[in-house]
Amino acid sequence: MQEKLDRRALGAALGAVLGLTYTLFTQMVNYFVVPDLPLFSDGNALFKILFGILIGAFLGFLVNAFTNGVAGILIGSLLGTAGVVFGGLSRAASTSSEATALVALTLLYTFIPMTVLFMPLSVLLRWAAGYYFHEGVVTVGGMVSRWRYLRVILGMIILAVLFGSFVIIPVDGRKILKSMDEYIRNAQASGMDNVPTLFKPVVEAVQGASSTYSLEWTDDLSKYPSTLGSEDAPAQVSTLYNVVVARFDSGEKIACIFRLNGSLYICSVLE
């Protein structure tokens, strides 16, 4: 019994390190990538980091809770996938019923592939906990002084950063964000005179708004289906367009859809 508890504790600790690294990186990296723009934050960064630590710790504990390694890996992978599905449906539910149905259908078809993708992580947590368990409990100072102890944790941190790098705003997205920022500043400074024609429908709202605002870029148009202004469904256009939402401290909110070449497609005021 003591052996199982020790291994579970090691798994939970290693999972917490993975969760902390991944969520901290994903919550902070874009502020360093685009330091000169006011990027949007929902104010839940600390909660998301703590949640990531707990999820990682739980996954690490779970995959090491079974004597049979295959059972632990399989159950851990299934629950990890279930967590992704629940998170996706929760986000979609806050937009529209159409977006929720689309996300649910997508997740249904990708459930098994996602479970397979979770397996390497589960295997890693199982192997790493077993490695430290069989090496014996060592102090932090001992780990630092012995590369063979430290390298496993460093490798896990690097892996978490690599996975987290997928949230980095791409170069095209950064250019679009800068264009949106320029349009807003020009509209507040000179009204209709120095903005593209397609931006003019939102100029009145921008001029009446505060000078402080935040910008959110996304390539998931299902989050803002009301901004499309066409008969195209979000699933059809999401690979061709990106959206930037500007939220002003005074309460106004606008969204502009951009083509991938950086040109405007449509802008509208969001309720």
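The values are calculated or read from the model by the stated rules, or taken from the named source; none is laboratory data. Quick caveat, the model's predicted, so the values are computed rather than measured. Because the Cβ atoms are built from the backbone with ideal geometry, glycine has one as well, and the counts that use them run over all protein chains shown. SASA here: full protein model, heavy atoms, side chains in, ligands and nucleic acids out. Shrake-Rupley method; radii C 1.70, N 1.55, O 1.52, S 1.80 Å.
Quick notes on this one:
- If the condition is being surrounded by fewer than 18 Cβ atoms within 10 Å (Cβ to Cβ), within 30 Å of ALA128 (Cα to Cα) and free of Cβ contacts under 8 Å to residues at least 40 places away in the same chain, then the range 10-41 contributes only MET28.
- Residue, farthest from LYS253 (Cα to Cα), within the range 191-215, restricted to residues that are open to solvent by 30 Å² or more (accessible area, probe 1.4 Å), modelled with pLDDT of 90 or more and not in a loop (DSSP other than H, G, I, E, B): THR197
- Residues that are at pLDDT below 65, assigned to a loop (DSSP other than H, G, I, E, B) and surrounded by 14 or more Cβ atoms within 10 Å (Cβ to Cβ) are absent from the range 66-86 altogether.
- Test: residue in the range 44-55 that is at pLDDT 75 or above, among the hydrophobic types (A, V, I, L, M, F, W, C) and open to solvent by less than 20 Å² (accessible area, probe 1.4 Å): no
- Among the conditions (1) over 30 Å from ALA129 (Cα atoms); (2) under 20 Å from the mean Cα position of the chain (by Cα), the only one that MET156 does not satisfy is (1).
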